[in-house]
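The values are calculated or read from the model by the stated rules, or taken from the named source; none is laboratory data. All values derive from a computational prediction rather than experimental measurement. Positions of Cβ are backbone-derived with ideal geometry, glycine not excepted, and every protein chain shown enters the neighbour counts. These accessible areas exclude ligands, DNA and RNA; they are computed on the full protein's heavy atoms, side chains included. Shrake-Rupley method; radii C 1.70, N 1.55, O 1.52, S 1.80 Å.
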There are 2 protein chains.
Amino acid sequence: MQTGQFKLGNFQTQSGDVLQDACLSYETHGELSADKSNAIVYPTWYTGTHEDNRGAIGVGKALDPERYFIIVPDMFCNGLSSSPSNTKAPQDRGRFPSITPYDNVIAQHRLCGEHFGIEQLQLVVGFSMSAQQAFHWAALFPEMVKAIAPICGTSKTSPHNLLFLEGIKRALTADASWANGDYVDPPENGLRAFTTVYASWAFSQTFYREGLHLTVGGQHFDSMAEFLEFFHGIFARHDANNLLGMLETWQLADVSNHSKFGGDWRAALSSITCPAIVLPSKTDLYFPPEDNEVEVSMMPSAELRVIPSAYGHAAGFPGLSTAEDDEFIDDALRELLSQS
Amino acid sequence: MQTGQFKLGNFQTQSGDVLQDACLSYETHGELSADKSNAIVYPTWYTGTHEDNRGAIGVGKALDPERYFIIVPDMFCNGLSSSPSNTKAPQDRGRFPSITPYDNVIAQHRLCGEHFGIEQLQLVVGFSMSAQQAFHWAALFPEMVKAIAPICGTSKTSPHNLLFLEGIKRALTADASWANGDYVDPPENGLRAFTTVYASWAFSQTFYREGLHLTVGGQHFDSMAEFLEFFHGIFARHDANNLLGMLETWQLADVSNHSKFGGDWRAALSSITCPAIVLPSKTDLYFPPEDNEVEVSMMPSAELRVIPSAYGHAAGFPGLSTAEDDEFIDDALRELLSQS
């Protein structure tokens, strides 16, 4: 494994703002082959950093570093790539520019080309917000991407998903100590509300009915309160402005939001001609299978393969997911890689 | 229609507190027959007052005031029955006692017996929190209740439902102006967060995907923002402490929480021997059909009849629901009343 920081310079965003001295953080696994033909991109998701992707990468897995060169670019606003928390005035904190999934993908594309000289990707795989980036990759660079595997994510944030996000955003910012992002003390009460609401969305009704929240990621919890404390920790390690920045990227996700497609969702999805296995979780409450079903019907070479899990959205979250769900996903990745 | 205020005196609650000078507000429709055999109880739900039940009552409907005497008792904390907003110190505002569904049902039972002299109910029907009260009625007074129709509600608040409620409670109380219930100005930001999160739960993903939120209850909205403003209004007419009081009742809902059952959920449900048609909405996100399925399996004379609706929880909400869903429910009530 190696980490790096790729300097993007002054980076033009889709919002119209230029992000000054932009930087893309990343981690790589394995070695790039001499002909540069073995690369995979696997971006990070909401709350994730490149460290969190490690759980899905390993010898013997589909994402095998002995065979592939796996690049894990950190999403803007995750605290490692350019983010509200690490950017200088006047673009610091709440003044950080809006970032779209395309902004992330364009930065990642530059990393692949300018830094590594890669012209082809065997696979772009992603979970949740990084599944959204996988859709964007395939639509914008069809000649470069040989296959995609979006896990628990859509090409465009649905109205319901957008509303879920609006709710948690309002919960966080209802705390007056947030102060439009210029807080002195972190907005602790707002963040508690945020993570409590989030916990009710991230797993399924059945997950809680069956008490599965009492054993997650190999850890045991004696009560719902203990589980919530654990879940809160996933978010609490992040700066509140970073959380809001990534949330905005999520709300803005729309594969058709590019001059190439001019807002035509069908055109954008039709342009994804590479093989795709789209992997929603059966019980995902904010990226439900029905949303992917509509998308797959517009994609020429895509298959919908629903993860039969009670874990809700977390079915695809390495570290929170079950061994069974991990294997289900790994099989799909292996299948795509064997074809590409 | 007639409204009334039934004086309960000093009312012993399950929490151990005695609610001083307690009062149960109610409305009745139709006339009580000479032999007092035509009574129906239909309590109010979260955010509801007796005015909101009127939409489901009318000549030609199952709940026909020309045939039945329909009592609509206002739930404690709804602003009309004893509530944080209308109770004197030292039990005012955040100091109002915890109220359980059983407290409501016991007060309603006294209204029926002491005030009206009713010994038998043809039906207890309820939506959401009032569905919870219907379960409680049948378990506690099996000799009195001839049938129940719980619509979009369970006998016990599930862990997931409890977490959903905890999330919105934290969203409201993250607003420092709430001041533990002793607010001077209402906690407007907290309430906005509360209702935004609530809106994402109250209807289904499909409801929003298909744009059904743009036409609700006969009203047209030009945008999600306009719809949210309308939805916000359902809650904003209530005092924040009342909203939190009813929310606590909801969180405490457990049909087995009575000395008669001693916490044995199966025993409580098995004791509901009257005919029951349990009516969840197929797409309800916090009272999902699966929760009722488990319950019905423990009830000797119950049938699960899923409302095939995209309206989520609101499928059973008179005024927000569709004519088709209303009719589906009305048919079930008619069937129960024809048997009883």
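Quick notes on this structure:
- Rounded to whole Hz, the Karplus (6.51, -1.76, 1.60) HN-Hα couplings of the range A:74-89, x for glycine and proline: 6, 5, 3, 6, 8, x, 10, 6, 3, 8, x, 7, 10, 10, 6, 4
- Inter-part distance where the range A:27-79 and the range B:98-153 are each reduced to a Cα centre, Å: 59
- Cα-derived Rg to Rh of the range B:146-199, Kirkwood definition: 1.16
- Every Cα-Cα pair of the range A:147-246 was included, and the share exceeding 23 Å stands at 37 percent.
- Structure-based [θ]222 nm, chain A - -39500 (n - 2.57) summed over DSSP H runs of at least 4, per residue, nearest 500: -10500 deg cm²/dmol
- Computed from Cα atoms alone, the Kirkwood hydrodynamic radius reported for the protein assembly as shown is 26.6 Å.
- For the range A:194-207, backbone phi angles converted through the Karplus equation (6.51, -1.76, 1.60; θ = phi - 60°) give residue-by-residue couplings of 3, 6, 5, 4, 4, 4, 6, 8, 6, 10, 8, 4, 5, 3 Hz, Gly and Pro being listed as x.
- Charges were assigned to the Cβ only: +1 to each Lys and Arg, -1 to each Asp and Glu. The resulting dipole of the range A:188-340 about its Cα centre is roughly 280 debye.
- Beta bridges per DSSP, both residues in chain B: antiparallel share near 50 percent.
- Accessible-area value, A:Met1, 1.4 Å probe, nucleic acids and ligands omitted, Å²: 140
- Backbone N within the range A:14-28 under 20 Å of label point (7 Å from A:Lys88 Cα along the Cβ vector): A:17-25
- Gaussian network model of chain B, springs between alpha carbon atoms under 10 Å - residue of B:Phe135, B:Phe287, B:Phe227 with greatest fluctuation: B:Phe227
- The range B:1-52: projected area of the alpha-carbon convex hull, averaged over directions, in nm²: 5.0
- The range B:207-251 - Kirkwood radius from inverse mean 1/r over Cα pairs (Å): 12.0
- Taking the label point 7 Å along Cα→Cβ, B:Val59 and its counterparts in the other copies are spaced 8.4 nm apart, in ascending order.
- Protein-only accessible surface at a 1.4 angstrom probe places the residues A:Arg93, A:Arg305 in the order A:Arg93, A:Arg305, largest first.
- Nm distances between copies for A:Asp35, ranked from closest, using label points 7 Å along Cα→Cβ: 9.2
- Anisotropy class of chain A from Cα gyration tensor, a/c 1.5 cut: rounded
- Other-chain or far-sequence residues with amide H under 5 Å of A:Ala22's (modelled H): A:Leu8, A:Gly9, A:Asn10, A:Phe11
- Interface residues in the range B:169-196 - accessible area drops by 50 Å² or more relative to the isolated chain, probe 1.4 Å: B:Arg170, B:Ala174, B:Thr196
- Across chain A, Cα pairs under 8 Å and at least six residues apart give a relative contact order of 18 percent.
- Take A:Arg266, move 7 Å from Cα toward the beta carbon, and the resulting point lies 5.5 nm from the same point in each other copy, nearest first.
- Most positive-pole-ward Cα, A:Val59, A:Gly94, A:Leu304, against dipole of chain A from beta carbon charges: A:Gly94
- Three-way shape label, the range B:75-169, alpha-carbon gyration tensor, a/c 1.5: oblate
- Pairs of Cα atoms in the range A:247-299 fall into 5 Å distance bins, from 0 up to the last occupied one, in shares of 4, 18, 21, 25, 22, 8, 1 percent.
- Over all Cα atoms in the range A:1-159, the spread is summed up by Rg and Dmax: 14.9, 47 Å.
- Less than 5 angstrom separates the built amide H of B:Phe221 from those of B:Thr215, B:Val216, all sequence-distant by 5 or more or on a different chain.
- The loop-placed trypsin sites (Lys or Arg not before Pro) in the range B:155-236, going by DSSP, include none that has at most 15 neighbouring Cβ atoms within 10 Å of its Cβ.
- Taking each of B:Lys169/B:Lys260; B:Lys61/B:Lys156; B:Lys7/B:Lys88; B:Lys7/B:Lys61; A:Lys146/A:Lys282; A:Lys7/A:Lys61 in turn, the alpha-carbon distance tops 20 angstrom for B:Lys169/B:Lys260; B:Lys61/B:Lys156; B:Lys7/B:Lys61; A:Lys146/A:Lys282; A:Lys7/A:Lys61.
- Centre separation in Å (Cα based) which lies between the range A:212-261 and the range A:6-23: 25
- Along the range B:100-117 the Karplus relation, 6.51 cos²θ - 1.76 cosθ + 1.60 evaluated at θ = phi - 60°, assigns HN-Hα couplings of 9, x, 4, 4, 4, 5, 5, 5, 5, 4, 5, 4, 4, x, 5, 8, 9, x Hz to successive residues, with x for each Gly and Pro.
- With all pairs of different C-alpha atoms in the average, the Kirkwood value for the hydrodynamic radius of the range A:216-335 is 16.7 Å.
- Legend: translational diffusion of the range A:129-172 by Stokes-Einstein, Rh = Kirkwood radius over C-alpha pairs, 20 °C, 1.002 mPa s; D = 183 µm²/s.
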